[in-house]
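Derivation of every value follows stated rules applied to the coordinates shown; laboratory data play no part. Remember, it's a predicted structure, so these values are computed and weren't measured experimentally. Because the Cβ atoms are built from the backbone with ideal geometry, glycine has one as well, and the counts that use them run over all protein chains shown.
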Amino acid sequence: MGGTPTTPHELVIVPEGMIADLLTREASFAAVETVFAAMAAGAAYNFPVVREAIGHEDALYGFKGGFDRAGGVLGLKAGGYWPNNLEKHGLINHQSTVFLFDPDTGRVSAMVGGNYLTALRTAAAASVSIKHLARRDAKVLGMIGAGHQATFQLRAALEAHDFDKVIGWNYHPEMLPNLAKVAAEMDVPFEAVELPGLVAADVIITITSSFAPTLLAEHVSPGTHIACMGTDTKGKQEVEAALLARATVFCDEAAQSISIGEAQHAIAEGLITEGDITQLGAVINGTNPGRTSDEEITLFDGTGVGLQDLAVAASIVEVAVKNGTATLVAL
Ligand code: NAD
């Protein structure tokens, strides 16, 4: 009677509350490493990011999407930042949901809570960069940032590499116990330092919401690997632009790195060009050598791409369907 012809199919729903039980750090790491490799091989690509101030509740809302032809994963993460959530509703301020679609038909196939997933996939990206770019003998991990993401970053990095010690600095020093607690859980000593003390680090992760550089070139020793993870918006900045000129620069995706990542500033100052930036996936694939000496400073500009979200969401769906914990809705 005038309806559109269709055949039944199922929508898989995995709500936010179930994700922590279904998603391991190992699975996040594997999904992110694989999709970075696919991106560099040209088998997966991200769509332009949409991010809008919607003029309601001071919220920033947007979409990050992409298509991984190699993995057969198509979709988007929708969500953003609602600054009043915690105070008004007792909810975390970052809210997102991943939607997956059947690439053969375009029909929606899954809806997956995106909050916990985002923290794990972001931490996994830094860890993948540490695996492929840090010196094998790196012993001291430096942390800049001690907020929500920083604890996930620290846990993942300590799992990905055998560090002897963690040192950390934060703009709000009262938050440093967040790092100390994770380090203690992982049985690694932690020491709070001033910024110049970061010269002792072999690997540095920056994960703050800063709009001005805190880590300067003089705070970094030769041979250090830096994972810059906090800068994901125009105007944000965690490290001095001169540091990118001194380092060999890698990224998740060049288009994002130069527009919303740490490289936006070094490019604007004319210190580097887009051609100086290599996708980490090329190192994973072996088409770029990555680090070439123990004195080289490597810097990973991790802006967070939609394909990371989709890859990790797809792995969650697979586990949830296999172990029977997913909710299936007949459509
Ligand atoms: P949070 O609010 O929990 O923590 C913010 C951190 O930034 C704290 O360590 C705080 O002390 C520090 N900070 C705040 N103002 C500062 C300033 N003026 N100078 C220096 N440091 C300052 O936030 P979070 O959830 O941990 O997120 C941290 C950052 O990571 C944000 O910028 C967020 O957008 C970004 N992020 C990036 C990705 C990605 O894929 N790259 C993913 C998620 C979040």
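The label-point distance for Ser293 and Ala212, in a model that sets each label 7 Å from Cα toward Cβ, rounds to 3.5 nm. Here the simple spin-label model places points 7 Å from the Cα toward Cβ, and for Ile13 and Ala70 these points are separated by 3.4 nm. Exposed loop sites are taken as GluC sites (Glu not before Pro) in a DSSP loop (any state but H, G, I, E or B) with at most 15 other beta carbon atoms within 10 Å; the longest stretch of the chain without one runs 58-193. Between the helical axis of 115-133 and the dominant principal axis of the chain, each derived from Cα atoms, what acute angle in degrees is found, rounded to the nearest 10? Here the helix axis deviates by roughly 50 degrees.
Available extension along the chain between Asp162 and Ala53 is 35.1 nm, counting 0.36 nm per residue and deducting the alpha carbon span.
Give the lysines whose C-alpha is closer than 27 Å to that of Lys236, dropping any in the same chain fewer than 8 places away, or say none. Cross-link targets: Lys64, Lys77, Lys88, Lys131.
Share of antiparallel DSSP beta bridges in the chain, in percent to the nearest 5?
On the way: 33 of 65 bridges.
Looking only at bridges with both residues in the chain, the antiparallel portion is about 50 percent.
Along Cα→Cβ, 7 Å out, is where each label goes; now give me the distance between the ones at Ser221 and Ala200 in nm to one decimal. In this crude spin-label approximation the distance works out to 1.0 nm.
Once the Kirkwood radius over Cα pairs is known for the range 135-303, the Stokes-Einstein relation at 25 °C and 0.890 mPa s delivers a diffusion coefficient of 155 µm²/s.
For Glu274 and Thr6, FRET efficiency with R0 = 41 Å and r from the beta-carbon atoms, rounded to 0.05? Display every interim value, and only then the final one.
On the way: r = 45 Å, r/R0 = 1.10.
The computed FRET efficiency comes out at 0.35.
Given R₀ = 56 Å, FRET efficiency for Val321-Lys234 by Cβ-Cβ distance, to 0.05? Show your work: numbers first, answer last.
Numbers: r = 39 Å, r/R0 = 0.69.
Computed FRET efficiency for Val321 and Lys234: 0.90.
Picking from Val35, Val199, Val128, which is most flexible by a Gaussian network model of the chain using Cα springs under 10 Å? Between Val35, Val199, Val128, it is Val199 that shows the largest mean-square fluctuation. Magnitude of the charge dipole for the range 135-303, about its Cα centre and with charges confined to Cβ atoms of Lys, Arg (+1) and Asp, Glu (-1), is about 160 debye. The C-alpha atoms of the chain define a longest principal axis, and helix 306-322 lies at about 60 degrees to it. Compared with the direct C-alpha span, the chain from Ala20 to Glu191 gains 58.7 nm at full extension, assuming 0.36 nm per residue. Take the alpha carbon atoms of the range 286-324, find their center, do the same for the range 96-124, and report the distance between the two centers in whole angstrom. Taking the Cα centre of the range 96-124 as reference, the centre of the range 286-324 is 15 Å away.
To the nearest Å, what is the center-to-center distance of the range 179-255 and the range 19-37, using C-alpha atoms only? One Cα centre to the other: 23 Å.
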